[in-house]
1. Assess whether Ala73 counts as being outside the structural domain of Asp38 (by TED's automatic domain parsing), at pLDDT 95 or above and small (Gly, Ala, Ser).
2. Return the residues of segment 76-98 that are small (Gly, Ala, Ser), within 25 Å of Leu227 (Cβ to Cβ) and without any contact (Cβ under 8 Å) to a residue 60 or more places away in the chain; say none if nothing qualifies.
3. Based on what the data block shows, is Gly304 touching a helix residue (DSSP H, G or I) at 6+ places or on another chain (Cβ under 9 Å), within 15 Å of Lys48 (Cβ to Cβ) and crowded, with 20+ Cβ neighbours inside 10 Å?
4. Mind listing just one residue for me: the one in segment 136-193 that is assigned to a loop (DSSP other than H, G, I, E, B) and without any contact (Cβ under 8 Å) to a residue 60 or more places away in the chain and, of those, nearest to Glu65 (Cα to Cα)?
5. Of all residues in segment 216-239 being acidic (Asp, Glu) and touching a residue at least 60 places away in the same chain (Cβ under 8 Å), which is nearest to Cys204 (Cα to Cα)?
6. Read through the list (1) of a type in the set (Ser, Thr, Tyr); (2) at pLDDT 95 or above; (3) within 20 Å of Asn107 (Cβ to Cβ), then give the number of the only condition that Thr295 fails.
7. Could you tell me whether Leu262 is within 24 Å of Phe310 (Cα to Cα) and surrounded by 18 or more Cβ atoms within 10 Å (Cβ to Cβ)?
8. Given the conditions (1) touching a residue at least 60 places away in the same chain (Cβ under 8 Å); (2) surrounded by fewer than 24 Cβ atoms within 10 Å (Cβ to Cβ), which single one is not true for Ala57?
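The values are calculated or read from the model by the stated rules, or taken from the named source; none is laboratory data. Bear in mind the structure is a predicted one, so any value in this text is a computation, not a measurement. Every residue, glycine among them, receives a Cβ derived from its backbone with ideal geometry; neighbour counts consider all protein chains shown.
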Amino acid sequence: MKQNTIPKLSLGIFPTPIRRADNISRLLNTNVFIKRDDLTGLGLGGNKVRKLEYLLADAREKHAEVVFTTGGAQSNHAMLTAAAAGRLGMKPILILKKRGVTDRVGNQLLEHLMGTEVIFMDTDSYEDIYREMDRLGAELGVPYYKIPCGGSNALGTLGYVDCAAEIRDQGIHFDYIVCAEGSGGTLAGLALGAKLFLPGTKVCGMMVDTDPFDEITPRLMRESAALLGESLEISRRDFELRNLCGPGYAIPSEEGNRAISLLAAEEGIFLDPVYTGKAFAGLLQMAEEGAFRETDNVLFIHTGGAGGLFAIA
């Protein structure tokens, strides 16, 4: 594999711990573990730190002085990009969709504390936003770097290939890995990493948006595998998808809110209403349907998002 030759920064604290959720395991009659990627050590933590280690290494290699990214108004990815870019001496500019909670709460408050430039665009099209990045970048007249929504491209996906190798090295075999599916890169990295490092592990993505993830995920897997010099047969059979979007992206769902309350009460671990709450609701749904055996080991990837708890509309 070429992975060790691909430039990568050290931005987080790894490996993140894996802990058995004893009370949840008893309630679901299976073995539920949580990988605490909410404790990655930058900002309020979260899965985007793994992706940014590759993306911002590429930005540095290209001598970028400005880093653009995008997402929803309360994007965890955008907040963490601002934190990481500022730490590296690059100027972050966030061009966010004017959807959701734009008040100075949640991640907007954190961005304010960091002095981040935030621009809201009244559009549903990320293509509009990427064009605006190019317009502003040309206007600024300095080298700039564009990071897509969620950091989900072939390079960012490598962060979760790394995570799969990290899980292998932590010494527990998992029958299932469950994560949120919001822009594609986390699930794609875990699914590709499972093919490389975790034989016998099923990877399940809980969709919190309505994008065509059955197409996006295999494409990202193939593109990341090519970066690694791996020739693999990749198909839709390499992962499972469930629709947990509920009333819409970034709109809390009843089942997601129940999952948040359950994990908080039973384990003292806090999820968010946009991603992890809905994803954990999907895990609970699988358990209720009898998907897990009593002897199974089920790993939930806690991808962070604590800021979103303080911006519930």
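1. No: the conditions fail for Ala73.
2. Step one: of segment 76-98, the residues small (Gly, Ala, Ser) are 78, 82-86, 89.
Filter again for within 25 Å of Leu227 (Cβ to Cβ), leaving 78, 84-85.
The answer is Ala78, Ala85.
3. On the way: touching a helix residue (DSSP H, G or I) at 6+ places or on another chain (Cβ under 9 Å): yes; within 15 Å of Lys48 (Cβ to Cβ): yes; crowded, with 20+ Cβ neighbours inside 10 Å: yes.
It is true that Gly304 is touching a helix residue (DSSP H, G or I) at 6+ places or on another chain (Cβ under 9 Å), within 15 Å of Lys48 (Cβ to Cβ) and crowded, with 20+ Cβ neighbours inside 10 Å.
4. Just the residues of segment 136-193 that are assigned to a loop (DSSP other than H, G, I, E, B), to begin with: 141-143, 147-148, 152-153, 170-175, 182-184.
Applying the additional criterion that residues be without any contact (Cβ under 8 Å) to a residue 60 or more places away in the chain yields 141, 171, 184.
Numbers: Gly141: 10, Gly171: 41, Gly184: 27 Å.
Step by step, filter segment 136-193, then rank; the result is Gly141.
5. Initially, segment 216-239 is screened for residues acidic (Asp, Glu), giving 223, 230, 233, 238.
Subset that is touching a residue at least 60 places away in the same chain (Cβ under 8 Å): 223, 230.
Numbers: Glu223: 20, Glu230: 22 Å.
So, considering only residues that are acidic (Asp, Glu) and touching a residue at least 60 places away in the same chain (Cβ under 8 Å), the one nearest to Cys204 (Cα to Cα) is Glu223.
6. (3)
7. Numbers: within 24 Å of Phe310 (Cα to Cα): yes; surrounded by 18 or more Cβ atoms within 10 Å (Cβ to Cβ): yes.
Judged against the criteria, Leu262 is a match.
8. (1)
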